[in-house]
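Working notes, structure below.
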Amino acid sequence: MARAPKSAAGTLEPHFVGHRARLRTRFLESGPDALADYELLELVLFRALPRQDTKPLAKALLARFGSFAEVVSAPPPRLAEVEGVGEAVVAELKLVQAAALRLAKGELKARPVLSSWSQVLDFCRTAMAFADREEFRILFLDKRNQLIADEVLSRGTVDHTPVYPREVVKRALELSATALILVHNHPSGDPTPSSADVQMTRRIAEVAAPLGIALHDHLIIGKNGHASLKGLGLI
């Protein structure tokens, strides 16, 4: 059996000190794919819990939420329901989520949106796939189809969020946008569009078109994939 490492003073270090060093080394030498979800979570939790074995909490979080992505995307009140999760842990998890979103958005802004559709989907999935309530987001584009702004217009319940076509178009005019991509999530995980989704999308397109604002697509994001109303021939 391996012995616990000794500190500079000659006293025994807690058993997890050596484990942390080995995890960091494996991460730096072999990359994140060499680590299981719970091990990657352990690394994230190291700073929040510097004097504690983080493996039990990492596994508890995964047991509650299901995956690394779902853990870092979970709302703070739900995270706080897990024993051992305090303000420091929530802050570290939300920092990871914010960094992932900032990276995805940076890649999206670097080129015309319609020529980088995979980046659009990556960004939308990062931002919305694991939200526990419906959110209605709009990507506002200029005449070169580059991103002007990304805004959440409304947040609703687990299966509905109110959307008013005139508010969508009003905001597009304020930003001098000439095209839109609508995005909302289905917290159920199933991205299949409802009849209400289709009707609302067509109404926005009808209001926007006379003002010279094109509707490129409406994406529905779920845990299990996405749906494009344009791809489905619904707009």
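The values are calculated or read from the model by the stated rules, or taken from the named source; none is laboratory data. All of these numbers come straight from a predicted model, not from anything done at the bench. Every residue, glycine as well, gets a Cβ built from its backbone with ideal geometry; the counts of neighbours run over all protein chains shown. What goes into the accessible areas is simple: the full protein's heavy atoms, side chains included, and nothing from ligands, DNA or RNA. Shrake-Rupley method; radii C 1.70, N 1.55, O 1.52, S 1.80 Å.
Key figures for this structure:
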quantity: Under Karplus coefficients 6.51, -1.76 and 1.60, residue-wise ³J(HN,Hα) of segment 49-62 in Hz, glycine/proline x; calculated: 10, x, 10, 9, 5, 8, 4, x, 5, 4, 5, 5, 5, 5
quantity: Packing-based order for 140-151, 212-223, using average beta carbon neighbours within 10 Å, highest first; calculated: 212-223, 140-151
quantity: MRE, 222 nm, helices only [DSSP H, n ≥ 4, -39500 (n - 2.57), over the chain, to nearest 500]; calculated: -14000 deg cm²/dmol
quantity: Alpha-carbon Rg with Dmax, taken over segment 19-100, Å; calculated: 11.9, 35
quantity: Per residue accessible area of the chain, 1.4 Å probe, in Å²; calculated: 54 Å²
quantity: Cα long-axis angle, helix 165-174 against the chain (0 to 90 degrees, to the nearest 10); calculated: 80 degrees
quantity: DSSP-defined beta bridges in the chain - what % are antiparallel, rounded to 5; calculated: 70 percent
quantity: Helix axis angle, 87-109 relative to the chain longest principal axis, alpha carbon, degrees; calculated: 40 degrees
quantity: Ordering of 190-199, 49-58 by burial proxy (mean other Cβ atoms within 10 Å per residue, highest first); calculated: 49-58, 190-199
quantity: The chain: angle of helix 117-128 to the longest principal axis, Cα-based, in degrees nearest 10; calculated: 70 degrees
quantity: Length gained when the stretch Ala34-Lys94 is fully extended (0.36 nm per residue, less Cα-Cα span); calculated: 19.3 nm
quantity: Of all accessible heavy-atom area on the chain, the percent that carbon and sulfur account for (1.4 Å); calculated: 53 percent
quantity: Estimated Rh, segment 113-232: Kirkwood, alpha-carbon pairs, angstrom; calculated: 14.1 Å
quantity: Charge dipole of the chain about the Cα centre (unit charges at C-beta), most positive-ward option of Ala36, Leu182, Val207; calculated: Ala36
quantity: Rg in Å to one decimal, and Dmax rounded to a whole Å, for the chain via C-alpha atoms; calculated: 21.9, 78
